[in-house]
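Visitor: Attaching a single structure in structure tokens format; questions to follow.
Throughout, read-outs are computed from the coordinates displayed, never taken from laboratory work. What you see is a predicted model; the values in this text were computed from it and never measured. Note that we place each Cβ from the backbone using ideal geometry, even for glycine, and neighbour counts take in every protein chain shown.
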2 protein chains.
Amino acid sequence: MTESVEIITIGDELLLGTTVDTNAVFLARALGDIGVPIARRATVADDADEITDAVRQALHRTGGVITTGGLGPTADDLTRPVLAKLFGRELREDPSIVAALHALWASRGRGGPLPPSNLQQALVPIGAEVLENAQGTAPGLRLTDAEGRWVIMLPGVPRELRHMTTEHIVPWLAARGGGTVLRSRSVRTTSIAESALAEKLGPLTRQVEGLPLAYLPGHDGVDIRVTARGLEADDATRRLDAAVARIQEAVGVYAYATDGVAMASVVLELCADRGETIAVAESCTGGLLGARLTEVAGSSRVVLGGVIAYTNAIKEQELGVSADDIREHGAVSEPVAVQMARGVRGMTGATIGVGITGVAGPDGGTPDKPVGTVWIAVDVRGDVCTSRAIYIGDRGEIRHRATQVAMDLIRRALITTI
Amino acid sequence: MTESVEIITIGDELLLGTTVDTNAVFLARALGDIGVPIARRATVADDADEITDAVRQALHRTGGVITTGGLGPTADDLTRPVLAKLFGRELREDPSIVAALHALWASRGRGGPLPPSNLQQALVPIGAEVLENAQGTAPGLRLTDAEGRWVIMLPGVPRELRHMTTEHIVPWLAARGGGTVLRSRSVRTTSIAESALAEKLGPLTRQVEGLPLAYLPGHDGVDIRVTARGLEADDATRRLDAAVARIQEAVGVYAYATDGVAMASVVLELCADRGETIAVAESCTGGLLGARLTEVAGSSRVVLGGVIAYTNAIKEQELGVSADDIREHGAVSEPVAVQMARGVRGMTGATIGVGITGVAGPDGGTPDKPVGTVWIAVDVRGDVCTSRAIYIGDRGEIRHRATQVAMDLIRRALITTI
């Protein structure tokens, strides 16, 4: 039998909007993948009565609740005592957790003895199962009542929660018996508008292989997601794979990846396969292209490095950009982007050089070159292609989009040459 | 009278966890600041029945609902027709929205005529108020029933939602009469553990000025948040300001900013005030320090640029790092970080040079230098300070923490010299 689960995320910071609730989405994805639907999601404050009420109601509705947050060492961490009380259990200090806390403190080299407030994390309700937290100090806890209703308490630190979900929660729920799955795949596109995509897909706009489509625009472009709901696992996989292939065919060159794969990974793999190396010369993006490329593990096989050329002096002295061209065409111009790309290739010996120069805003725009204007040049062994666009959005969005297009230009240059 | 509001975010992608719900937090913050509490937050699928049910129930409970998402041009965008039906209104094409859609399409230079699917966005329920969307295609809508209960539909694209919230929603709700406020401020700290902060705060650990504290650990360090609830606006402001000052005094040099101010902004302002300029030399962070510094508008007054020195060859040739030192001490070592910082100062003429070299992982660690080991050097006009640490986390976290510490070293170097 498939059981459904409610998620209760605890923390004033979530209700006040000071923190984005990434834990709820991580749990939704992990549980959806094993066919455990999320019946409801709620957020409550760091308040004993509110936590008690929310968990009591959720237990009544679905019999299975995962809470996140409120397990730390400070006074606003209430989850442990509040839920112990709800289940009618005393708290007792667990000597093995105390020992682990002392060991972790020492290993991190903070110096001095363990601050006593940390020992709050060693209190365990009688009869609770302790879920090891390999990434942090506060262990998770599982309490089950006489009717078999359960609550799992996870810490709010995303890295710890993710690890514990994968290690403890997913195997435990999967072992309780799954059924049909709720699963999705997606085709990632860039440099094409949502409505133009819909026109390209034509009769597939609404559904493919009997599965519904959704369009998710983001900074990297539009992701087309296809979802299988209420199917057996094998059937879902087969139809999702077929749907992805048909969408890719309809979308053509605009489709750069599937599922969660980043553009940087696509570009690095193409380069590694073909023995290409990359160097970047960045003005308005200030290192962001380098940062995005090197975010990928193993990128050092392809990325050599580059120059952050925020000033004209660095463009001229380090990259050999012509001062005359800067004077004549401006720093945000095609010749400057091209010379930056060529210059950084020469400097580093990379086979591919990228030059980016633009107006990221909010100031510095002119009628001729409004905020968002960016010139990008990609030089692949001497063959140069360029792009000029006016990106819409704030400074962060303009810079992010420019680096996405720069990587897409490398990708297109490589897939269109044999 | 203060009314409370429910937020319903619509989209399979939110339930499935493919997208993080940043809209709900933005709304929570904007409404909290004018004293309008969020009574409940719910997330529903792109499904007509679920949207209808959720909105009907929320209207019954609180009488005021804000929905996000489902207003776009594709088949999964259901909010407009579903809520028109719930309110018993026909949909009619609005000629001024049609004209605006054509104009926007043309101005973005997509080429060709407007795809017809876009015209779905021009349908307006009779009697609805149209809320202009200056940032995108789909306008917002407000429907009010005979009993004065209302629903506001906002688009799901975060940039558009943020703009419309500020322009339309906040002034409208504020004009309906506020009362007490729910407001918070925070003190941002870095390079200190949560439990060590609690010890430093001593008697202030739980509350300051009668206001409760919360500790929010993140990649930038731990933010200490203080919250005022149910107070008049003036009283809240006075007590929050006093609390922030007391926390800052207790925490000392670890407190680098308040509220949402980024470390990069703090560093850039210090540098601008003192006439300092920055150049970066990055190995394992691959441009991320440059990217974070130049994320701030106006950073070109301080940041000159730098070198992404992913390979040893670039470290030697462009930054003058001694090949002997790399052989003897390894690329991840104090002398290499110091020479990178000095080299990039010399190359660019900056007054401050930063060198970062480390093992970001997941591979490349050794018993001597495990994954997470990072050496950072900051050279301020020839005075050099260095830091070695082993950062915990994945590749992204290690890189982020290293750039945070690099900026903190600049900050500390500047505030401890007159």
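Visitor: Under a Cβ-only charge scheme (Lys and Arg +1, Asp and Glu -1), can you give me the dipole magnitude of chain A about the Cα centre, in debye to the nearest 20?
Guide: With only Lys, Arg, Asp and Glu charged at Cβ, the dipole is about 640 debye.
Visitor: Subtracting the Cα-Cα distance from 0.36 nm times the residue separation, let me have the gained length for A:Asp235 to A:Arg381 in nm, one decimal.
Guide: Roughly 47.9 nm would be gained on extension.
Visitor: Under the convention of a label 7 Å out along Cα→Cβ, give the distances in nm from B:Glu93 to the same position in every other copy, shortest first.
Guide: 7.5
Visitor: If the cut-off is 28 Å between C-alpha atoms, which lysines fall inside it for A:Lys369, apart from same-chain ones fewer than 8 positions away?
Guide: Cα-Cα hits under 28 Å: A:Lys315.
Visitor: Taking neighbour counts of Cβ atoms within 10 Å as a proxy for exposure, in what order, fewest first, do B:Asp53, A:Asp273 appear?
Guide: By the 10 Å Cβ count, ascending, the order reads A:Asp273, B:Asp53.
Visitor: Give me the one-decimal nm value for the distance between modelled label points at A:Arg388 and B:Ala99, 7 Å along each residue's Cα-to-Cβ direction.
Guide: Once both label points are built, they end up 3.2 nm from each other.
Visitor: If the label for B:Ala134 sits 7 angstrom from Cα along the Cα-to-Cβ line, what are its distances to the same label in every other copy, in nm to one decimal, shortest first?
Guide: 5.1
Visitor: What residue among B:Leu304, B:Cys271, B:Ala331 has its Cα farthest toward the positive end of the dipole of segment B:248-331, where the charges are +1 on Lys, Arg and -1 on Asp, Glu, each on the Cβ?
Guide: Positive-end residue among those listed: B:Leu304.
Visitor: Could you quickly flag the chain B residue whose beta carbon comes closest to the rotation axis taking B to A, and that distance in whole angstrom?
Guide: B:Gly287, 2
Visitor: Over the Cα atoms of segment A:181-258, how large are the radius of gyration and the largest Cα-Cα distance (Dmax), in Å?
Guide: 11.8, 35
Visitor: Moving on. Go through A:Ile352, B:Ala100, B:Ile10 and say which Cα lies farthest out towards the positive end of the charge dipole of the protein assembly as shown; charges sit on Cβ, +1 for Lys and Arg, -1 for Asp and Glu.
Guide: A:Ile352
Visitor: List the distances, in nm and shortest first, from the label point of A:Gly252 to the matching label points in every other copy, placing each point 7 Å from Cα along the Cα-to-Cβ direction.
Guide: 6.5
Visitor: Just the C-alpha atoms of segment B:263-415: what Rg/Rh do they give, with Rh taken as the Kirkwood radius? Provide the component values of the computation, followed by the final result.
Guide: Details: Rg = 14.1 Å, Rh = 14.9 Å.
When Rh is taken as the Kirkwood radius, the ratio is 0.95.
Visitor: If you keep only loop residues by DSSP, which trypsin sites (Lys or Arg not before Pro) in segment B:140-211 have at most 16 other Cβ atoms within 10 Å of their Cβ?
Guide: For trypsin sites (Lys or Arg not before Pro) across segment B:140-211 that sit outside H, G, I, E and B with at most 16 neighbouring Cβ atoms in 10 Å, the list reads B:Arg149, B:Arg176, B:Arg206.
Visitor: Could you tell me the relative contact order of segment A:263-416? Use alpha-carbon pairs under 8 Å, at least six residues apart, and round to a whole percent.
Guide: Over segment A:263-416, the number comes to 24 percent.
Visitor: For labels at A:Gln57 and A:Arg246 in the simple 7 Å Cα→Cβ model, what's the distance in nm?
Guide: It is 4.2 nm.
Visitor: Let me know the shape class of chain B, please: from the alpha-carbon gyration tensor, a ≥ b ≥ c as square roots of the eigenvalues, rounded when a/c is under 1.5, otherwise prolate if a/b is greater than b/c, or oblate.
Guide: Values: a/c = 2.56, a/b = 1.70, b/c = 1.50.
Verdict is prolate for chain B.
Visitor: Mind listing which trypsin sites (Lys or Arg not before Pro) in segment A:312-387 are in a DSSP loop and have 14 or fewer other Cβ atoms within 10 Å?
Guide: Of the trypsin sites (Lys or Arg not before Pro), the ones in loops of segment A:312-387 whose Cβ has at most 14 other Cβ atoms within 10 Å are A:Arg381.
Visitor: Relative to the Cα centre, what is the charge dipole magnitude of segment B:268-373, using +1 at the beta carbon of each Lys and Arg, -1 at the beta carbon of each Asp and Glu, and rounding to the nearest 20 debye?
Guide: 200
Visitor: Please report, in debye to the nearest 20, how large the charge dipole of segment B:5-175 is about its Cα centre when each Lys and Arg carries +1 at its beta carbon and each Asp and Glu carries -1 there.
Guide: Working: 15 positive and 21 negative charges, 72 e Å.
Here the size comes out at about 340 debye.
Visitor: Let me know the longest stretch in chain B that avoids all GluC sites (Glu not before Pro) found in a DSSP loop with at most 16 other C-beta atoms within 10 Å.
Guide: Free of exposed loop sites, the longest segment is B:233-418.
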